[in-house]
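Chemist: Below are the structure tokens for one structure; questions will follow.
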Amino acid sequence: MDFERHCAEIVTQTELLAEGVTGADLTARVPACPEWSLGGLLRHLGKAHAWIEEIARTRAQEPVPDPSRDVNGDDSGEPPVGWLLDGAKRLAASIRDAGPNALVWTPLAPMPVSFFARRMVHETLVHRADAMQAAGREFVAGPEVVTDAVDEWMELDQLPQHFEFNPAKRDLLGPGRTLAFRATDADAAWHVDLTGDAIVNGRGDKPAAVTVEAPLTDLLLIIYRRQVPVGVTGDAELLAFWSEHVTFG
């Protein structure tokens, strides 16, 4: 998926979310984030969109305060779908205006705006899955966006900065620690190699100490710790240990 597709997909995923939560109970708890109501989740996502929109619009070079963790609000009314959609459209427009190569501040390091274009697609996608779970509705996503989401997760999870932010993540490293994730309904597979001094993730179907086989969308939810894995062969304890120590997403 290219930069323009990511910009468009921010709006598309928000439209799908808005459609999916119409008429839902905002007080329903979110299984992936049980301390949040559905209303709180929607406020979090809308504020996250606004945060990144400000970074892109101002070409921020210094940290910008993140308001998205303040999820308090009124859950007595209808889902704020108009507010969400307006914010997503502003976000996509500001990212387009900045262009893919404009360098801006990110929590990791200065990066091109294209980083946030992709990141906010998948932030919205995964929180759409959360919202559908809370609302008791089916989550469906196209294979291209799901594959891109898993690719992005694998790329970000192996960044060495994680060891600085969370030194305990080094506990993942050790001999014989390899994992494979294989889609049963698509030609897609990923591997995780923890045997060296760094995490090495990538595409490809390789032998591993533990393998998870599942439909593509289920793999996404498993990797993001939204779903309990089934179809596991090999060292299930390694998979559980890995899942406990994965902090991105």
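The values are calculated or read from the model by the stated rules, or taken from the named source; none is laboratory data. Everything numeric in this text was worked out from a predicted model, so none of it was measured. All Cβ positions, glycine included, derive from the backbone under ideal geometry; neighbour counts span all protein chains shown.
Chemist: It is to be established whether one or more residues within the stretch 117-136 are more than 14 Å from Tyr224 (Cβ to Cβ) and part of a loop (DSSP other than H, G, I, E, B).
Modeler: Taking every residue of the stretch 117-136 in turn, at least one turns out to be more than 14 Å from Tyr224 (Cβ to Cβ) and part of a loop (DSSP other than H, G, I, E, B).
Chemist: Oh, and also: Taking only the stretch 55-83 into account, find how many residues are assigned to a helix (DSSP H, G or I) and over 20 Å from Thr12 (Cα atoms).
Modeler: 3
Chemist: Considering only residues that are under 18 Å from Glu144 (Cβ atoms) and acidic (Asp, Glu), look in the stretch 1-24 and name the one that is surrounded by the fewest Cβ atoms within 10 Å (Cβ to Cβ).
Modeler: The extreme case among them is Asp2.
Chemist: Can you pull out the strands (runs of 3 or more DSSP E) entirely within the stretch 159-241 that have at least 3 residues that are of a type outside the set (S, T, N, Q), free of Cβ contacts under 8 Å to residues at least 40 places away in the same chain and farther than 20 Å from Ala32 by Cβ?
Modeler: Where strands (runs of 3 or more DSSP E) fall fully within the stretch 159-241 and carry at least 3 residues being of a type outside the set (S, T, N, Q), free of Cβ contacts under 8 Å to residues at least 40 places away in the same chain and farther than 20 Å from Ala32 by Cβ, they are 178-183, 189-193.
Chemist: Tell me which residues, restricted to the stretch 21-44, are within 13 Å of Leu85 (Cα to Cα) and under 18 Å from the mean Cα position of the chain (by Cα).
Modeler: Leu42, Arg43
Chemist: Exactly one of these conditions fails for Leu91: (1) under 25 Å from Thr22 (Cβ atoms); (2) more than 21 Å from the chain's Cα centre (by Cα); (3) assigned to a helix (DSSP H, G or I). Give me its number.
Modeler: Status for Leu91: all satisfied but (2).
Chemist: May I pose another question? Which count do you get for residues in the stretch 32-82 that are polar (S, T, N, Q) and surrounded by 15 or more Cβ atoms within 10 Å (Cβ to Cβ)?
Modeler: Final tally of qualifying residues: 2.
Chemist: Here is a follow-up. Among what's in the stretch 229-249 and is modelled with pLDDT of 95 or more and among the hydrophobic types (A, V, I, L, M, F, W, C), pick the residue that is nearest to Phe165 (Cα to Cα).
Modeler: Among residues in the stretch 229-249 that are modelled with pLDDT of 95 or more and among the hydrophobic types (A, V, I, L, M, F, W, C), the one nearest to Phe165 (Cα to Cα) is Trp242.
Chemist: Given the criteria over 27 Å from Arg29 (Cα atoms) and either surrounded by 15 or more Cβ atoms within 10 Å (Cβ to Cβ) or touching a strand residue (DSSP E or B) at 6+ places or on another chain (Cβ under 6 Å) (or both), does Ala93 qualify?
Modeler: yes
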